[in-house]
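Participant: One structure follows; several queries about it will come next.
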Amino acid sequence: MRQRAMGRLGWTVGEVGYGMWGIGGGPGGFTGWDYDTAPTALDLAVELGCTFFDTAWVYGRGKSESLLGELRRRHAGAEMRLATKVPPRNREWPPRPHDTLEDVFPVDHVLEFTRRSLDNLGVDKIDLLQFHVWEDRWAAEPGWQRVVTRLKDEGLIDGFGMSVNRWEPTNCFAALDTGLVDAVQVIYNVFDQAPEDELFPRALDEDIAIIARVPFDEGSLTGTLTADTTFPPEDWRAVYFGPENLPPTVERVEELRELVPPGTTLPELALRFALHHPAVSAVIPGMRRPEHVRSNLRVAGSELGPDLLDALRAHRWDRTPTHWSM
Ligand SMILES: NC(=O)c1ccc[n+]([C@@H]2O[C@H](COP(=O)([O-])OP(=O)(O)OC[C@H]3O[C@@H](n4cnc5c(N)ncnc54)[C@H](OP(=O)(O)O)[C@@H]3O)[C@@H](O)[C@H]2O)c1
């Protein structure tokens, strides 16, 4: 697999990484998880050259991290870089307008969840610790800056990053000014191209790694949804693909199908789009099924021609954060 630099951190990763939300199961995520199949899918990814794994404590309340820790132990000699996330203390995604840094990332909470993640992953050092949400109005506060500096100085984390809220790619610029942020995780896909406007140029200038998440728009860009698709009420996609979003999404995906070159698939095209930008260090599709792992990891290294890229750019869809977008 083609390797890319993880910004200024001094290490590289295979450009197609593994998004480990769905595989972690538990409440608040995708229903239909399968802990029996999970190790097979993860083993296959390692065998196919995947080296970057993105998890979070909240994915299965430690289960996704534990699956990753077990994977690492099964492949002791393999090159693997592990990224995880500290949950907001108040468990609000995204933060509410009145939430303070103390409500969300107080120092003791960050230290406690770093320890939990180290234990779940079974490592002495986390390659990339990320805050799972962010609001730039907190950037000037010393608390988060001190705890990040401390974790780095104590050798408990190598890099620090933040996952920016859906459709708010510049809501981290004041934090980037501090010089403490090595990586930004952002939604980037054929629909959500706004990170190209300001975030990606800045990341390239300052050698900040970009982790492109949600390359399939939570599944719509795989072409598997129809206007009649429903999800169990406890599946968060029942909210995301609700009546306001599902019909226009499916219409747009139908138009996109015309661009899929013969012999390729829509998921492949979607991944190649997310990989085309030089600011991207890794794209992290969520995958639970081994057949998805196999097809997504095959995509690495493939280029898009300029005409196809222009045609895909025309499918940009700027949306405003709202109650269902989380
Ligand atoms: N706030 C945050 O920090 C945040 C939020 C969201 C996501 N993330 C990270 O980003 C990762 C990716 O996002 P996501 O998982 O939400 O969404 P996604 O990658 O856009 O889509 C995942 C969906 O696509 C399906 N899929 C994957 N490959 C496929 C293929 N080749 N053909 C057909 N279907 C395919 C998956 O099915 P199966 O699962 O059945 O294989 C799953 O239903 C997460 O896993 C997580 O690591 C972070």
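The values are calculated or read from the model by the stated rules, or taken from the named source; none is laboratory data. Note that the structure is predicted; figures quoted are calculated from it, not measured. Note that each Cβ is placed from the backbone with ideal geometry, even for glycine, and that neighbours are counted across all protein chains shown.
Quick grid of which residues meet (1) under 23 Å from PRO321 (Cβ atoms); (2) aromatic (Phe, Trp, Tyr):
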position	(1), (2)
GLY161	yes, no
PHE173	yes, yes
ASP177	yes, no
GLU206	no, no
ALA209	no, no
VAL214	yes, no
GLY223	no, no
ALA227	no, no
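Participant: Could you list, in sequence order, the residues of the range 278-326 that are in contact with a strand residue (DSSP E or B) (Cβ under 7 Å, 6 or more places away or on another chain), among the aliphatic types (A, V, I, L, M), part of a loop (DSSP other than H, G, I, E, B) and at pLDDT 95 or above? Before the answer, list the steps.
Facilitator: Step one: filter the range 278-326 for residues in contact with a strand residue (DSSP E or B) (Cβ under 7 Å, 6 or more places away or on another chain), giving 279-287, 296-297, 299-300.
Going one step further and asking which of them are among the aliphatic types (A, V, I, L, M), we end up with 279-280, 282-284, 287, 297, 299-300.
Checking which are part of a loop (DSSP other than H, G, I, E, B) leaves us with 279, 287, 299-300.
The answer is ALA279, MET287.
Participant: Regarding ARG74, is this residue out of contact with any Phe, Trp or Tyr (no Cβ under 6 Å at 6 or more places or on another chain), more than 12 Å from the ligand (Cβ to nearest atom) and farther than 25 Å from LEU176 by Cβ?
Facilitator: Yes; evaluated as a whole, the condition is true for this residue.
Participant: I'd like to check something: does the range 237-258 contain any residue that is over 20 Å from PHE191 (Cβ atoms), more than 11 Å from the ligand (Cβ to nearest atom) and either modelled with pLDDT under 95 or over 17 Å from the mean Cα position of the chain (by Cα) (or both)?
Facilitator: There is no residue in the range 237-258 that is over 20 Å from PHE191 (Cβ atoms), more than 11 Å from the ligand (Cβ to nearest atom) and either modelled with pLDDT under 95 or over 17 Å from the mean Cα position of the chain (by Cα) (or both).
Participant: Sticking with this one: Check THR264 against each of (1) out of contact with any helix residue (DSSP H, G or I) (no Cβ under 7 Å at 6 or more places or on another chain); (2) in a loop (DSSP other than H, G, I, E, B); (3) modelled with pLDDT of 95 or more; (4) within 14 Å of the ligand (Cβ to nearest atom) and name the one condition it does not meet.
Facilitator: (3)
Participant: Looking only at residues that are surrounded by 17 or more Cβ atoms within 10 Å (Cβ to Cβ) and of a type in the set (S, T, N, Q) in the range 171-215, which one is farthest from the ligand (Cβ to nearest atom)?
Facilitator: Filtering first and then ranking leaves GLN193.
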